[in-house]
Structure formats: structure tokens, C-alpha cells
Amino acid sequence: EPRKLTVTMKNVGGVDCGWHYKLPSDSEVDVEPWADPGDPTPEYAFEKHVLNRHIFEIQPREGWLKAGENCNVEVYYNPIEVAKHNLNVIFELTNGKPVVFNLVGETLPNKHGHIEIRDHIFTFNSLPIGQSVAVTQPLELRNVGGSKVTYEIDTDVIDEFNGKSSEMAVFSIQNPTGVL
């Protein structure tokens, strides 16, 4: 069953605006029968595979928004084969600069565990100097697969950093091993 992500777009400007999502295949030129296009690169062949199998779909792919109006765009990932897929899609506003979205999806085999960090960018909260109590700031790991995963975090770099910090543990990991 396809996975769906809904993107809500709103025209916050003062004028009406057209928009569209452009797939890599939208700009292809038909090759004459006599021309030899050569062997495709592995990256290009995989991109064609993703496009031909409709692994990623966007609906609608274009539209028009009046000032203050919004609309929903649905992005689908079809997990039809075990692999990691990616596809660069260009989003353009009429008379605007293009933005490249890198769509990424991964289909895991049945009964396979897979650990991910919840947020790919982690920012520590500000702390006052001289605070006597350590503050815990969680970094969440989650298992997005279909079976348990045993993990172990290599703390060598943290231990080395803490050793250079006047014997004060700046960083610590509460659960360096576990099962998710």
C-alpha cells in the first residue's frame, strides 16, 4: 500500500501564482532512431527505473493559487520492491526560482529492523554557565522496521572529548546499549 505525505501550500503573497512539480522525465527529448545515446550511467538507469515503476507520485503536479488561497499536494511512495529509492523533483513558481526536492524512500524486507534518529538535525538547548545540575536532552532513536534491533553506541569519541574537558563529563549517554 502506498505511503502518503500531504503537503499544504499557501500563497502568502499579494498576487495570484501558478506552480508545478517537474519530474526528471518531463524534460527529456526524444532521440532520433539513428542516434546512439550510449550506455546510461547506473544513476540514470536507476532514476528511469524509479520513474517507470511509479515509485514516487505527486498529485496534482501543477495548479494555480489566488492570493491567500491554499491547496494540498499529495506525495506518494509506492513500496513495491525492497530497495532505497530517491528522486530529485523540481518545484517552480511562475516567474520564480526553482527548488529541488530530494524524495527518499526505503522499503525494508519483512521482519527486518532498522534504527533511525528521529530528527536529523539536533540543536542543544541553551544552558546558563555555572549550573550545578546536569541537564538531560533526549535524542530519540526509533525502530522503523518490523522486528527487534539490538544496538550499541560507540562512545570512544565522547569519552575522548570528555577527557579533554578538565575531567568533567560534558556529554554522556544514558543507554549506550539496548533493544528497540
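The values are calculated or read from the model by the stated rules, or taken from the named source; none is laboratory data. All values reported here derive from a predicted model rather than from experimental measurement. Cβ placement follows ideal geometry from the backbone for every residue including glycine, while neighbour counts extend to all protein chains displayed. Accessible surface is based on the protein model in full, side chains and every heavy atom, while ligands, DNA and RNA are left aside. Shrake-Rupley method; radii C 1.70, N 1.55, O 1.52, S 1.80 Å.
Sub-8 Å Cβ pairs linking a first residue in the stretch 25-42 that is farther than 20 Å from His54 by Cα to a second residue that is modelled with pLDDT under 70 and part of a loop (DSSP other than H, G, I, E, B), at least 6 apart or interchain, are Pro37/Val31, ordered by first then second residue. Can you spot a residue in the stretch 118-139 that is at negative phi, among the charged types (D, E, K, R), in a strand (DSSP E or B) and touching a strand residue (DSSP E or B) at 6+ places or on another chain (Cβ under 7 Å)? So far as the stretch 118-139 goes, no, none of its residues is at negative phi, among the charged types (D, E, K, R), in a strand (DSSP E or B) and touching a strand residue (DSSP E or B) at 6+ places or on another chain (Cβ under 7 Å). Sort through Tyr44, Tyr77 and tell me the only one that's under 24 Å from Ser25 (Cβ atoms), in contact with a Lys or Arg (Cβ under 9 Å, 6 or more places away or on another chain) and either surrounded by 11 or more Cβ atoms within 10 Å (Cβ to Cβ) or not charged (D, E, K, R) (or both). Only one candidate qualifies: Tyr77.
If you check Asn95 against the conditions, is it farther than 30 Å from Asn143 by Cα, of a type in the set (S, T, N, Q), at pLDDT below 90 and open to solvent by 70 Å² or more (accessible area, probe 1.4 Å)? Show your work before the answer.
On the way: farther than 30 Å from Asn143 by Cα: yes; of a type in the set (S, T, N, Q): yes; at pLDDT below 90: yes; open to solvent by 70 Å² or more (accessible area, probe 1.4 Å): yes.
Yes: the conditions hold for Asn95.
Among the residues of the stretch 59-74, not a single one is hydrophobic (A, V, I, L, M, F, W, C) and within 16 Å of the chain's Cα centre (by Cα). Of the listed requirements (1) loosely packed, with under 13 Cβ neighbours inside 10 Å; (2) acidic (Asp, Glu); (3) within 30 Å of Gly146 (Cα to Cα), Asp36 misses just one: (3). Here Cys71 clears all of (1) outside any loop (DSSP other than H, G, I, E, B); (2) open to solvent by 50 Å² or more (accessible area, probe 1.4 Å); (3) touching a residue at least 24 places away in the same chain (Cβ under 8 Å) except the condition numbered (2).
In the stretch 1-33, of all residues being surrounded by 11 or more Cβ atoms within 10 Å (Cβ to Cβ) and acidic (Asp, Glu), the one that is farthest from Ile80 (Cα to Cα) corresponds to Asp16. If a residue has to be part of a loop (DSSP other than H, G, I, E, B) and among the aliphatic types (A, V, I, L, M) to count, how many in the stretch 30-61 make the cut? Summing the residues that are part of a loop (DSSP other than H, G, I, E, B) and among the aliphatic types (A, V, I, L, M) in the stretch 30-61 gives 3.
Checked against (1) under 27 Å from Glu1 (Cα atoms); (2) in contact (Cβ under 8 Å) with a residue 40 or more places away in the chain, Leu141 passes all but condition (2).
If you check His112, His54, which single one turns out to be on the phi > 0 side of the Ramachandran plot and open to solvent by 50 Å² or more (accessible area, probe 1.4 Å)? Spell out the reasoning first.
Values: His112 fails: on the phi > 0 side of the Ramachandran plot.
After applying the criteria, what remains is His54.
Take the conditions (1) over 23 Å from Thr8 (Cα atoms); (2) of a type in the set (A, V, I, L, M); (3) open to solvent by 30 Å² or more (accessible area, probe 1.4 Å); (4) touching a helix residue (DSSP H, G or I) at 6+ places or on another chain (Cβ under 9 Å); Ile90 misses just one of them, which is (1). Looking at the structure I just gave you, is Thr123 open to solvent by 100 Å² or more (accessible area, probe 1.4 Å) and either within 30 Å of Ala45 (Cα to Cα) or modelled with pLDDT of 85 or more (or both)? Here the answer is no, as Thr123 does not meet what is asked.
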